[in-house]
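S.K.: My questions will all concern the structure given below.
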C-alpha cells in the first residue's frame, strides 16, 4: 500500500508545501504508526539523514534522531558551530557537500533564507525543523493532536493567543488546508505576517475554514475547541524579552482567560515559560495536551520522512489499515482520552 498520493521527493519548508490530500494522509499514517496498526518495514533502510541544529533542541533532536533510527535509517547530527552555515561556508556549498553523503537534510535554523538557499542547491529533500518564518513539523504534530482529541477538523476552532510568530504561521496554513477554523489573537504590532494570512485565506476558500486575525483577548476565546500559546520571545529575541513581557501581559494564558473556553484543550509547543505566556496550573491542568503534542512529533515526522523518501508501508500483520475521516466533521471518539 503506497504511503502517499504523491510519493515524489520534495522539500518541506512550509506546511503549505503539502497538498491538502497529502497533509490528510500524513496525519492518517502518523495515527496508524502511533496506534501500532502499521509496521514500517524499515522504510529508511540504507538511507542517511543529516540533522543540522543552529538552535538548541530537545524535542526536535530526540524525535528526529529516534524516529530515523526506528525506521532503519542513520541520523547524522551536526551542531551549527560545526557546519557554520553562512559564515564558515555558504549554505549552498554545505548542502551540495551533504548531498554527496546523505539522502535528506533536516535543518533547524535562525534564518529561513538559509533553508531556501540549501533547497535550491540540491535535489535531495530539505526539511524545515524550525526557522524564523515557520515551524511546519510542529504543526503536523499539532494537527494529529487535534484530530486525536476532537475527532476531526471541520467545524472546530483553534484560537492562538500571543506572538504571531513562526508557530502561528504554520498553524494558520495547516488549519486552512484541513478545514480547521483558526483565530489568532495578538498585539497589533505582533500579528502574523500578512502574506501568510493571505495565503491561509486563499487555501481556506476550498475547505471552508475561517481564518481570523484579532487583537483584543477579551472574549476572543469564546467558542474555542483548542487554545494555543507559545513563548513571547523566541530564540534569537532574548534581548527583547523584558520589553515583550509588558506588551504581551494581557495575552497570558491564565485560568481567568481560559474561563472563556472551559471545555477547550490547551496546547503549547514547548518549551514553556511558566508564569509568563502560560500559568503553571493551566499547563499542568486537565485541559492540557502539551505532552501529547510533544510525543506526536515522533509519529508525524516518521510519516513525513517516509513520504519524502518515496517509501511504502505495510499494515501490521493481520490488521487492516486505519483510515481516519480527517477531511470532514466527525463525531467519532478520539483515539486517545484527553485526560
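S.K.: I'd like to verify a number: residues in the range 53-69 that are in contact (Cβ under 8 Å) with a residue 12 or more places away in the chain, farther than 17 Å from residue 82 by Cβ and over 17 Å from the mean Cα position of the chain (by Cα), how many?
M.R.: Number of matching residues: 2.
S.K.: Let me ask another. Inside the range 205-217, can you point out the residues that are in contact with a helix residue (DSSP H, G or I) (Cβ under 8 Å, 6 or more places away or on another chain), surrounded by fewer than 22 Cβ atoms within 10 Å (Cβ to Cβ) and not in a strand (DSSP E or B)?
M.R.: 206, 207, 210, 215, 217
S.K.: So which residues in the range 226-275 are in contact with a strand residue (DSSP E or B) (Cβ under 9 Å, 6 or more places away or on another chain), modelled with pLDDT under 95 and crowded, with 22+ Cβ neighbours inside 10 Å?
M.R.: Within the range 226-275, none qualify.
S.K.: Another question, if that's okay. Scan the range 129-153 residue by residue and report those that are outside any loop (DSSP other than H, G, I, E, B) and under 10 Å from the mean Cα position of the chain (by Cα).
M.R.: 129, 130, 136, 137, 138, 139, 140, 141, 142, 143, 144
S.K.: Okay, next question. Which one of these is in contact with a strand residue (DSSP E or B) (Cβ under 8 Å, 6 or more places away or on another chain) and at pLDDT 95 or above: 175, 179?
M.R.: That would be 175, the only listed residue that is in contact with a strand residue (DSSP E or B) (Cβ under 8 Å, 6 or more places away or on another chain) and at pLDDT 95 or above.
S.K.: Being outside any loop (DSSP other than H, G, I, E, B), surrounded by fewer than 21 Cβ atoms within 10 Å (Cβ to Cβ) and touching a strand residue (DSSP E or B) at 6+ places or on another chain (Cβ under 6 Å) is the filter here; which residues of the range 49-79 pass it?
M.R.: Selection gives 65, 74, 75, 76, 77, 78, 79.
S.K.: So, in the range 146-166, exactly how many residues are touching a strand residue (DSSP E or B) at 6+ places or on another chain (Cβ under 8 Å) and within 23 Å of residue 247 (Cα to Cα)?
M.R.: Within the range 146-166, residues that are touching a strand residue (DSSP E or B) at 6+ places or on another chain (Cβ under 8 Å) and within 23 Å of residue 247 (Cα to Cα) number 7.
S.K.: Count, please, the residues in the range 80-119 that happen to be modelled with pLDDT of 95 or more, under 19 Å from residue 49 (Cβ atoms) and surrounded by fewer than 17 Cβ atoms within 10 Å (Cβ to Cβ).
M.R.: Summing the residues that are modelled with pLDDT of 95 or more, under 19 Å from residue 49 (Cβ atoms) and surrounded by fewer than 17 Cβ atoms within 10 Å (Cβ to Cβ) in the range 80-119 gives 4.
S.K.: Sticking with this one: Looking only at helices (runs of 4 or more DSSP H) that fall completely inside the range 218-294, which ones have 1 or more residues that are touching a helix residue (DSSP H, G or I) at 6+ places or on another chain (Cβ under 7 Å) and within 27 Å of residue 30 (Cβ to Cβ)?
M.R.: 280-283
The values are calculated or read from the model by the stated rules, or taken from the named source; none is laboratory data. Here the structure is a predicted model, which is why all the values come from computation and not from measurement. With ideal geometry, Cβ positions are generated from the backbone for all residues, glycine too; neighbour counts draw on all protein chains shown.
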